[in-house]
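The values are calculated or read from the model by the stated rules, or taken from the named source; none is laboratory data. What you see is a predicted model, and the numbers here were worked out from it, not measured in a lab. Methodologically, a virtual Cβ is constructed for each residue, glycine included, from the backbone with ideal geometry; neighbour enumeration extends over all protein chains shown. In case anyone asks, the SASA skips ligands and DNA or RNA and just uses the protein heavy atoms, side chains included. Shrake-Rupley method; radii C 1.70, N 1.55, O 1.52, S 1.80 Å.
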Amino acid sequence: MAHELPPLPYDYSALEPTIDEQTMHIHHDKHHAAYVTNLNKTLESAPALQGKSLEDLLANLSAVPDGIRQAVINNGGGVFNHTLFWEFMAPKAGGEPTGEVATAINAAFGNFAAFKDKLSNAGMTRFGSGWAWLVFDKDGKLAITSTANQDSPISIGQKALLGVDVWEHAYYLKYQNRRADYLAAWWNVVNWAEVAARYARFK
Ligand code: MN
C-alpha cells in the first residue's frame, strides 16, 4: 500500500502570525508531498518493503537494501518528521506545559526557561538543514538532540516528544535568514497537549 500525505490537522492560516499561510501551503503541499511521492517511488524497487509501516522502515533501516537505504532515510524521514511536526503545533497553543510532562522537563533541564534555551540552541546550532528534538533516549531519559537533513530520532532508538524543523523552507518566506526569530516565535504554537499525550504513551 502506498504511503499517503496526511492532511494538515488545522487550516493553513491557523498558525498565523507565527507561521504564515503561504509557508504552510508550500511546506505541506509541496515539500511534505514530495517526500511522500519520492518514498513511494523509492519503494517501487522493493516490493517486500511496501507493506511495512513507515515506523517499521525507519526503525529497522538495516532491513532496507543498501541501494535505497539513503533514499528511505531522506524521504521516509521527510514524511515521518513532517507528519509529527504538524501535530507538534496547534492554533491557540504555546505557553508552558503542565502536569507530569512539566515536572519531567523541570527535573531533566532545571526549569522551563532552561529547557527552551537548550532546544532553541540545538536548532540554532544545527548547521545547514535539520531538526531539533525533545526525545526519550534509548535509556528512557529525556534529552535534547538535533538531527541533520531528514534523519529521524526513531532510527536511533529515540522517541520524539517534540521537534522543530529548522530547514530554511520552514521559515524563509516570513523570517528570511533570521532562524533565531523563527525559533523564538515558534514557542507560541507548540502543542503541549500533544507533547503530554506522547509523554504518557512513551514513559
Ligand atoms: Mn520541512
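Table for the structure above
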item: Cβ pairs under 7 Å, 6+ apart, first in segment 7-27 and without any contact (Cβ under 8 Å) to a residue 40 or more places away in the chain, second small (Gly, Ala, Ser) and open to solvent by 40 Å² or more (accessible area, probe 1.4 Å); result: Glu21/Ser13
item: Out of Thr98, Thr37, Thr83, sole residue that is closer than 24 Å to Arg201 by Cβ, open to solvent by 60 Å² or more (accessible area, probe 1.4 Å) and polar (S, T, N, Q); result: Thr98
item: Failed condition for Ala46, given (1) among the hydrophobic types (A, V, I, L, M, F, W, C); (2) touching a residue at least 60 places away in the same chain (Cβ under 8 Å); (3) more than 16 Å from the ligand (Cβ to nearest atom); result: (2)
item: Helices (runs of 4 or more DSSP H) contained in segment 1-81 and holding at least 1 residues over 15 Å from the mean Cα position of the chain (by Cα) and within 27 Å of Ile156 (Cα to Cα); result: 33-43, 54-59, 66-71
item: Some residue of segment 125-134 being over 23 Å from Thr23 (Cα atoms) and not assigned by TED's automatic domain parsing to the domain that holds His28; result: yes
item: Helices (runs of 4 or more DSSP H) contained entirely in segment 88-177, each with at least 3 residues that are within 24 Å of Tyr12 (Cβ to Cβ); result: 172-175
item: Qualifying residue in segment 51-74 (condition: at negative phi, more than 16 Å from the ligand (Cβ to nearest atom), open to solvent by 40 Å² or more (accessible area, probe 1.4 Å) and modelled with pLDDT under 95); result: yes
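One line per residue, one yes/no per condition, for (1) more than 16 Å from the ligand (Cβ to nearest atom); (2) within 23 Å of Lys203 (Cα to Cα); (3) touching a helix residue (DSSP H, G or I) at 6+ places or on another chain (Cβ under 6 Å):
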| position | (1), (2), (3) |
| --- | --- |
| Phe115 | yes, yes, yes |
| Thr125 | yes, no, no |
| Ser146 | no, yes, yes |
| Gln150 | no, no, yes |
| Pro153 | no, yes, no |
| Ala160 | no, yes, yes |
| Trp167 | no, no, no |
| Tyr175 | no, no, yes |
| Leu183 | no, no, yes |
